[in-house]
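Below: one structure, written as structure tokens.
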Amino acid sequence: MLSHRLPLVRVLRSGRPPRPSNPTNPLPNHRLFTQNSQLLLVSGATPRPQLPFLHPAAGGRPPPVVPRTQLQYQLARLLTTERKLYFKDQLWKGAKYTVYGWAALILLAMMSFGIQSEVAERRFPAPPEWTKWSRFHYHTTKTREDPDPNSGLIDWSKIGNEYLELLRRLEDPSIDGQDLRPILQDEGDLYVAGIGKAGLDISAKSEPWRRGYYTCLMGIAKAAENRDGWVDDTTRNLVFPPELVVGPSNPRPKPVPYGAMAAPREEDCVPAFEPAETYYMKILTTHGFSTRQRLDAALAYADWLDFKGLSSTAEEMYDWSLDIAMGALPVGVNNVVDIKTGVINSKATYISSNVLLATTSLAYHHARNNNLTAALPIFLSVLRARRQLPNSTSAITEPRSQADSPWSAVFSFFRSLIVTPPYPEAPPTGDETPTRTPAAICEEAAVMSHVGEILFASPGASSFAKMPSNTSVGPPIATRATAGQLKNQQTGLSWTRDAVDLAEATIDSADKDDQEARDKCSECLAVGMENWSTMVSKLLKDERKARAGPQQKGGSNWFWGSSAATDEEEGRWEREAKVVDERLRSVRNILIREADRKDNAA
């Protein structure tokens, strides 16, 4: 009976009166499936899924309220709170890394510039008194003097402009030109007619400053020589050779080899550089340079005049250079050189390096201008003076000390990477008496080679002086007239052969670290072998020509003297040619070895 009452009780207990409907209560808003509020996205509850296919535009009816435009609606969908924080973090990181990157690039550029400056300073030391920018111009110019690795050319226009900028800074009293005074202080700057402004008095400056100033002037003079006659187009700031200028002075200009670049007009052009003699004379009229510096400038100017074809003016400059060398000799030393002929007196007791250089250059000048009768006595006097020089004293090797240990060498290496080496010491002034060093012996061999060349080309030797009998190298020249040109050729060949032997022996015995002696001996050996080969080829050609020509029985021949010459005498130059060929192979190996040694040392 209880089971029958249970449904009725359940119905009675659950039967509450239904709540009447409230017509004023609005219907709940529909929730969108394509957008969640920001609160839901940052809340801990799982957000509702974003369903693109349920976008209101794709539905049957638009949402009841559209509070934003379509673009704002799309941005609101994309720029959520997490995305805003992510974009802000990325922008901050990007800006931070950009600043770090630029700072690193600037620091690396500064490090690279410092390393390059340090390398250039060690390769081309500049005077420590110069300002930083003056040292920078000097290093840049010296680096540009090396040939371009691709074309092998040197841009002398840029070199000259860099040197001019350096010269302006060195002569500016507000930069590097303090304590510079005119030669005549009361009259101001001195001008030389046809040359320009004379030099200054730089004696108040230190020796490194004066040496750098001299290098600058010589560099401008060399650039002016290589750009002689070139013009600067002021409208485009470009430098052109004179044969390309279009104007009345050049009615037939050559085509411009620079592609589409137009040829310069004469009315728009000015000389690119002043003449080279302007800077040479500035060196010669400057007070404060050493004797060797003034002598080198005078010889360079004379060589430039020889190149221009002004042999008489060049000879005057060579005489001036001889006066410079003679004027620096100690007091009481007289009658060293005959000023008229340039021959060194055999009884001279004090012969300086400058005197030997000036007289040798004068002999070269006479030889280049085919004045052999004046060149040969000078060469012979120079050779005699060199052989009378005192021998150089070899340095005594000290025992190895603890300072030369491997650890000390490693420490010195790392120290050299940090500490800048001191400025090189001043070179010799040339006023002292030289000694017979290996380099001096190589110069002696070069003089012998020139003597042999002159004798081989001379028609006769009757007017030439003879060598002293106490000479140890080279055959003596006969006092009486020789019998024909063949005798002169044989004598010249003998001198050339002895010069080659002396140069080869010296280069074999020279120290490995004596690069100066090895360079001079290599150059002398190459020139001597070339002359020797040319002489033998000439004599062999004459021998074959004389052998093939008709000969009268019992008569005489101009080349061989007698037609009854034996076969052994007739084949002399053929045997000599074979000897020369074998010697050329050995000398070529020596020159290749020395070139490799020099490249490895560099």
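Every number here is computed from the coordinates shown, using simple stated rules; none is lab data. Keep in mind that what you see is a predicted model, and the values were worked out from it rather than measured. Ideal geometry is used to build each Cβ from the backbone, glycine not excepted, and the neighbour counts take in all protein chains shown.
Quick notes
- For residue 328, net neighbour charge (Lys/Arg +1, Asp/Glu -1) across residues whose Cβ lies under 11 Å away: -1
- Each of 99, 119, 86 was scored by the projection of its Cα onto the charge dipole of region 82-123, and the greatest displacement toward the positive side belongs to 86; charges sit on the C-beta of Lys, Arg, Asp and Glu.
- Annotation: peptides 585-594, 448-457, 271-280, ranked by per-residue average of other Cβ atoms within 10 Å with the highest first, follow the order 448-457, 271-280, 585-594.
- Whichever lysines have a C-alpha closer than 28 Å to that of residue 340, once near sequence neighbours (fewer than 8 apart) are set aside: 282, 308, 466
- Extension reserve of the residue 308-residue 78 stretch, reckoned as 0.36 nm per residue once the Cα distance is removed: 74.5 nm
- Sites residue 487 and residue 236 - FRET efficiency at Förster radius 45 Å, r taken between beta-carbons, to 0.05: 0.10
- Local net charge near residue 303, Cβ-Cβ under 13 Å (Lys/Arg +1, Asp/Glu -1): -2
- As a rough footprinting exposure proxy, the listed residues 347, 538 were ranked by other beta carbons within 10 Å of their own, and the order from fewest upward is 347, 538.
- Ordered by the count of other Cβ atoms within 10 Å of each Cβ, fewest first, 218, 529 give 218, 529.
- FRET efficiency for residue 523 and residue 183, using Cβ-Cβ distance with R0 set to 41 Å, rounded to 0.05: 0.55
- Taking Lys and Arg as +1 and Asp and Glu as -1, the other residues whose beta-carbon sits under 13 Å from that of residue 533 total +2.
- Two-site label geometry, residue 71 and residue 143: point separation in nm, points 7 Å out along Cα→Cβ: 5.3
- Cross-link reach list, lysines versus residue 512, counting only Cα pairs under 20 Å and skipping chain neighbours closer than eight places: 520, 598
- When each of the peptides 430-442, 371-383 is scored by how many other beta carbons lie within 10 Å of its residues on average, the order from highest to lowest is 371-383, 430-442.
- Extent along principal axes [Cα atoms of region 82-123; Å; largest to smallest]: 60, 7, 5
- Nearest-0.05 FRET efficiency for residue 515 and residue 338, computed from C-beta distance (R0 51 Å): 0.90
- Debye log10 I(q)/I(0) for region 108-243, one point scatterer per Cα, at q = 0.10, 0.11, 0.12, 0.15 Å⁻¹: -0.41, -0.50, -0.59, -0.88
- Full extension of the chain segment joining residue 388 with residue 115 gains 93.3 nm, where the gain is 0.36 nm per residue of separation less the Cα-Cα distance.
- Spin-label model, residue 131/residue 98: points 7 Å from Cα along the beta carbon direction are separated by 3.7 nm.
- Between region 488-521 and region 128-143, the alpha-carbon center distance in angstrom: 39
- Each residue, residue 578 and residue 90, gets one label point 7 Å from its Cα in the Cβ direction; the gap between the two is 8.9 nm.
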